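Right, one structure below, let's go through it.
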Amino acid sequence: MFGKNIIHIRPGPIAEIRQILNPLSVFQLFISDDMLNRIVLYTNQQINKANKNYKVAKQTFSDTDLIELKALLEIYILAAVMKDNHLSSTLMFDTSYCGTRYRATMSKSRFDFLTACLRFDDKETRVERRNVTVFAPISEIWEEFIEVCKTKYKPSSYVTIDEQLVGFRGHCPFRMYIPNKPAKYGLKLVLLCDVSTKYLINACPYLGKSTNTNGRPLANHFVELLTVPIYGTNRNVTMDNWFTSVPLADKLISKPYLMTIVGTIRKNKPHIPPTLVENDKNRKVGTSLFVYTSESTLVSYKPKSNKIVTLLSTMHTSSGTTNKNTNKPEIIQTYNATKGAVDTFDQMCQNMCANRKTKRRPICIFYNMINMACINSYVIYSHNGISYGGKPMTRQMYMLELHKNLTEAHQSRRLQTVPNINIYLKISINDFLGKEIEIKESRRGQTKGNGMKRKEK
């Protein structure tokens, strides 16, 4: 039998990633230029198809490029920071409500058109790929993003598996209804997060009946699939009662998995003795009952007079308690300390959320990918900043810095290539770019005075 969780693992980015201090460079690890170039290609295919419906060619309906797509990404990020993602585009681009930053990047009509045409795969081959997975419209981009998450960061000794519900009300064969979630209806993702930093290590969508489990129970399928990056590392996986079972615990502790688990377990599981789950009225509140095997420990704890909590652990081999005030078993204390990584990650996604109302599930997933990329990149940025003795920005300021870096090139190009740009919009763009501007105001074709000079540093 191997040693259980005897190695303390310090979390952090891997190899050369530890030297990156620029927010944009860290973010582009997850949403790379190569990924965006492919989105540009697929989006332009849709734009060319959509242009056939318009009798007059306009700049609004022209092809896009990498610089403009980054600016579009910036609008989603800025809306997340400013809590404007729930607003319609009409309100977002109304300067009397939301200022001029959105309009300084692009027009409302261009924003709406690009969002409607945004595509993430080749539509001509989609039918063939749908036979493999119903996630085909965004699977290529999604898998590349998750691969980066798995390979660029080393998690700590404790990780958590739980579900995230991405709010979505459109048509979808695998849309879920979970009444205890804030969104209630949406797309279910199963996530593996680091307990120490809340970094997203791995994720997998739940695809309903089309999920290929290779004959395994659904919960076992997700656990074994998500923990592939940490096989053989003696880490502990914390999970709730939807995932936990005795056969899974016995499987994970053996080769090639070599992982322990701590998790609540449902009372109707066949491997639990009835005496552990029956609410004996004569049993005192705060007492615990234990059952041991050679590899695992099962505990039944009574926190209230009408409640029994049952947990399974392959990490603990004794009934020792460390909290004298509550007399809670060490298993429960470990579970309470490590169970919230995915919930916290989901809360961070909702706190600064790029998701917008849509009926298209691929773009709903893409919005959530932006949220995930912002959190993961911030974790790496903060770690690197502290390692070099600096004080990292807050997550809000970090995302605002991303907004500036992503949009500078597009705003500068807009000034140079749009000859009849509105003078007040021109002033706003130069203000955001921190440039000096000299303009002349004219009225009815005549110059007023010697002109007006505006300086911004």
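A few comments on the model shown:
- Count of the range 332-350 residues which are over 12 Å from the mean Cα position of the chain (by Cα) and in a helix (DSSP H, G or I): 8
- Among all residues of the range 311-331, there is none that is assigned to a helix (DSSP H, G or I), of a type in the set (S, T, N, Q), closer than 30 Å to V299 by Cα and at pLDDT 90 or above.
- Of the numbered criteria (1) touching a residue at least 60 places away in the same chain (Cβ under 8 Å); (2) in contact with a strand residue (DSSP E or B) (Cβ under 9 Å, 6 or more places away or on another chain), the one K269 fails is (1).
- The combined condition, being in contact with a Lys or Arg (Cβ under 8 Å, 6 or more places away or on another chain), closer than 30 Å to I67 by Cα, open to solvent by less than 40 Å² (accessible area, probe 1.4 Å) and in a strand (DSSP E or B), is fulfilled by I201.
- In the range 1-50, residue modelled with the highest pLDDT [restricted to those that are part of a helix (DSSP H, G or I) and basic (K, R)]: R38
- Close pairs from the range 275-297: first touching a residue at least 40 places away in the same chain (Cβ under 8 Å) and under 14 Å from T310 (Cβ atoms), partner aromatic (F, W, Y) and open to solvent by less than 60 Å² (accessible area, probe 1.4 Å), Cβ under 6 Å, at least 6 apart: S288/Y301
- Residue in the range 277-288 that is open to solvent by 20 Å² or more (accessible area, probe 1.4 Å) and either in contact with a helix residue (DSSP H, G or I) (Cβ under 6 Å, 6 or more places away or on another chain) or closer than 30 Å to T151 by Cβ (or both) present: no
- Among the residues of the range 212-230, the ones that are touching a Leu at 6+ places or on another chain (Cβ under 7 Å) and in a loop (DSSP other than H, G, I, E, B) come to 1 in all.
- Taking the range 391-403 as the range and being touching a residue at least 40 places away in the same chain (Cβ under 8 Å), open to solvent by 30 Å² or more (accessible area, probe 1.4 Å) and farther than 25 Å from E16 by Cβ as the test, the residues that pass are Q396, L400.
- Selection status of K152, in contact with a strand residue (DSSP E or B) (Cβ under 9 Å, 6 or more places away or on another chain), under 17 Å from N371 (Cβ atoms), among the basic types (K, R) and crowded, with 18+ Cβ neighbours inside 10 Å: no
- Hits in the range 209-251 (condition: within 24 Å of T151 (Cβ to Cβ) and in contact with an Asp or Glu (Cβ under 8 Å, 6 or more places away or on another chain)): M239
- Which listed residue, of N376, N405, N371, is in contact with a strand residue (DSSP E or B) (Cβ under 8 Å, 6 or more places away or on another chain), at pLDDT 90 or above and not in a loop (DSSP other than H, G, I, E, B): N376
- Residue ID - least open to solvent (accessible area, probe 1.4 Å), chosen from residues in the range 336-377 that are without any contact (Cβ under 8 Å) to a residue 40 or more places away in the chain and either under 20 Å from T394 (Cβ atoms) or touching a Leu at 6+ places or on another chain (Cβ under 8 Å) (or both): N351
- Y388 being surrounded by fewer than 17 Cβ atoms within 10 Å (Cβ to Cβ) and of a type outside the set (V, I, T): yes
- Screening P173 with (1) surrounded by 14 or more Cβ atoms within 10 Å (Cβ to Cβ); (2) touching a Ser or Thr at 6+ places or on another chain (Cβ under 8 Å); (3) assigned to a loop (DSSP other than H, G, I, E, B); (4) free of Cβ contacts under 8 Å to residues at least 60 places away in the same chain gives one miss only, at (1).
- Checking each residue in the range 33-51 for being surrounded by 14 or more Cβ atoms within 10 Å (Cβ to Cβ), free of Cβ contacts under 8 Å to residues at least 40 places away in the same chain and among the polar types (S, T, N, Q) picks out N44, N51.
- The number of residues in the range 214-227 being open to solvent by 60 Å² or more (accessible area, probe 1.4 Å) and either touching a residue at least 40 places away in the same chain (Cβ under 8 Å) or acidic (D, E) (or both) comes to 0.
- Every listed requirement among (1) in contact with a Phe, Trp or Tyr (Cβ under 6 Å, 6 or more places away or on another chain); (2) open to solvent by 20 Å² or more (accessible area, probe 1.4 Å); (3) at pLDDT 90 or above; (4) of a type in the set (S, T, Y) is met by S254 save one, (1).
- Candidate set from the range 257-276 (those that are of a type in the set (S, T, N, Q) and open to solvent by less than 40 Å² (accessible area, probe 1.4 Å)); member that is nearest to V223 (Cα to Cα): T260
The values are calculated or read from the model by the stated rules, or taken from the named source; none is laboratory data. Please read all numbers here as calculations on a predicted model, not as lab measurements. A quick note on method: Cβ atoms are made from the backbone with ideal geometry, for glycine too, and the neighbour counts reach across all protein chains shown. Each accessible area value is taken on the protein alone, full model and side chains, heavy atoms only, with ligands, DNA and RNA left out. Shrake-Rupley method; radii C 1.70, N 1.55, O 1.52, S 1.80 Å.
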